[in-house]
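This report refers to the structure that appears directly beneath it.
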Ligand SMILES: Cc1ncc(COP(=O)(O)O)c(C=O)c1O
């Protein structure tokens with residue numbers, strides 16, 4: 001008892017822990033996430049040494065080690081040799097989400113999620129440029145300023161294509177954007193005020209965190225399980241803080257790859273309705289219709305926004321996408337877009353619409369599906385023993401490294417070492 005009291009006196013963080021729970025290490029990792037969300041733990045804070053915390057809580061060292069590993073896996077903490085475990089987020093104001101690597105003849109750049117190269121893309125672009133060049137009426141139209149929400153004909157064409165692909169939507173619910181990243185920024189800039197909070201899976205798309213930082217929003221990480229964001233953890237967070245927006249990637253969480261079941265989506269919608277949250281669904285990572293569940297905007301149209309982008313099916317340099325939103329939010333979104341750039345360039349929309357109308361986009365999606373299947377099979381052959389998590393249409397996979405490997409060590413691994 002005296003050891004426990006002494007240890008408690010020395011612990012800089014003493015979580016509340018209900019010892020009747022089955023998986024104590026998960027409960028501890030959840031409590032850590034909740035304490036970060038509540039501001040009790042701040043970026044840069046050190047966690048107590050593992051032995052000390054084990055003594056203070058009266059649990060085994062193994063429980064604490066597993067909890068710390070789980071927290072690191074969720075991206076809440078980072079462990080550095082010699083300086084223990086700290087809460088993440090102080091190294092730089094900017095999350096590392098942009099990695100255009102320098103070209104290197106000996107390496108393949110795996111740091112960006114890009115569509116699979118195919119010379120047909122350049123050919124399709126040449127065809128659509130030529131068609132546009134030979135159409136004086138269309139040329140005159142794209143030279144003119146466009147409405148903030150985007151050219152109506154283009155929105156109608158995109159709505160038709162999306163509806164044909166089981167994403168039923170009408171043109172008046174769409175605002176055109178310069179890609180998915182812009183849609184993320186637009187939604188949060190227009191609808192959330194500085195200082196308000198947005199919440200997402202603990203491990204999420206870094207570009208979303210970058211937007212939250214740029215706009216001075218609080219970003220709160222929510223504990224996850226094999227299906228992504230846990231509704232009970234979201235609810236607990238909502239009881240502690242006012243949250244305005246829940247950011248989700250239900251088909252294919254980037255980077256960890258979980259897909260939400262229908263019941264998980266419905267449970268999250270229920271919490272969102274109870275606490276009046278907006279839901280922002282980022283669907284930039286395109287998924288085939290028969291591999292998708294129900295989008296949140298079909299389940300809760302009154303509070304859900306949906307991001308579509310052509311970056312993963314045409315190519316990232318085109319910078320074209322759309323945000324679906326309830327029409328009552330459109331005036332605020334349009335005002336924000338106008339303040340940023342007046343409108344998306346009509347010429348880009350015109351080119352994309354030609355790709356959609358001609359069937360070129362569908363041809364690329366089908367071709368890419370065959371390629372991705374082969375790559376996924378190769379991944380299983382090479383790393384199957386380590387159970388990589390990957391969506392069938394995924395360009396990336398998530399690998400849980402066996403101990404004692406760390407991502408930073410693996411990525412610098414000398415060629416002759418093998419993963420054990
Ligand atoms: C989840 C997610 N959102 C947004 C983006 C950015 O999309 P875009 O290239 O259309 O701006 C990406 C890019 O990889 C992404 O993975």
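Please report 306, 68 as a ranked list, fewest other C-beta atoms within 10 angstrom at the top and most at the bottom.
Values: 306 25, 68 22.
Fewest-to-most Cβ neighbours within 10 Å comes out as 68, 306.
Across 24, 305, 32, mean-square fluctuation computed from a Gaussian network of the chain (C-alpha pairs under 10 Å connected) peaks at 24.
Compute the angle between helix 61-73 and the longest alpha-carbon principal axis of the chain, please, reported from 0 to 90 degrees and rounded to the nearest 10. Around 20 degrees separate the two axes. Model label points for residue 380 and residue 113, set 7 angstrom from Cα along the Cα-to-Cβ axis, are 2.1 nm apart.
For a test of the definition: using alpha carbon positions, the gyration tensor, and the 1.5 limit on a/c, classify the range 170-230 as rounded, prolate or oblate. Oblate is the answer for the range 170-230, as a/c is 1.5 or above yet b/c matches or exceeds a/b. Comparing 282, 30, 55 in a Gaussian network model of the chain, where Cα atoms under 10 Å apart are tied by springs, the biggest mean-square fluctuation is seen for 55. Okay, helix-only estimate at 222 nm for the chain: each DSSP H run of n ≥ 4 adds -39500 (n - 2.57), divide by all residues, round to 500 deg cm²/dmol; what do you get? About -13000 deg cm²/dmol.
Ordered by the number of other Cβ atoms lying within 10 Å of each residue's own Cβ, fewest first, 80, 312 fall into the sequence 80, 312.
Compute the Cα gyration tensor for the range 2-87, then decide on rounded, prolate or oblate, letting a ≥ b ≥ c be the square roots of its eigenvalues: rounded whenever a/c is under 1.5, prolate when a/b is larger than b/c in the other cases, and oblate in all that remain. Provide the component values of the computation, followed by the final result.
Details: a/c = 1.42, a/b = 1.19, b/c = 1.19.
In terms of gyration-tensor shape, rounded.
Using only the alpha-carbon atoms, how far is helix 262-274 inclined from the longest principal axis of the chain? Give it as 0 to 90 degrees, nearest 10. So the inclination is approximately 80 degrees. Here the chain is treated as an ellipsoid with the same Cα gyration tensor; its semi-axes, largest first and in whole Å, are 42, 26, 18. Considering only beta bridges that DSSP places wholly inside the chain, some 50 percent are antiparallel. For the range 133-361, the square roots of the Cα gyration tensor eigenvalues, ordered a ≥ b ≥ c, give a/c of at least 1.5 with a/b greater than b/c, which places it in the prolate category.
Which angle between 0 and 90 degrees, to the nearest 10, do you get for helix 330-341 versus the longest principal axis of the chain when only C-alpha atoms count? Roughly 80 degrees, rounded to the nearest 10. Between 161, 405, 342, the residue with the greatest mean-square fluctuation in the GNM of the chain (Cα pairs under 10 Å linked by springs) is 405.
Only the coordinates and a few stated rules stand behind these numbers; no lab work does. Not measured: the values here are computed from a predicted model. Cβ atoms come from the backbone with ideal geometry, glycine included; neighbour counts cover every protein chain shown.
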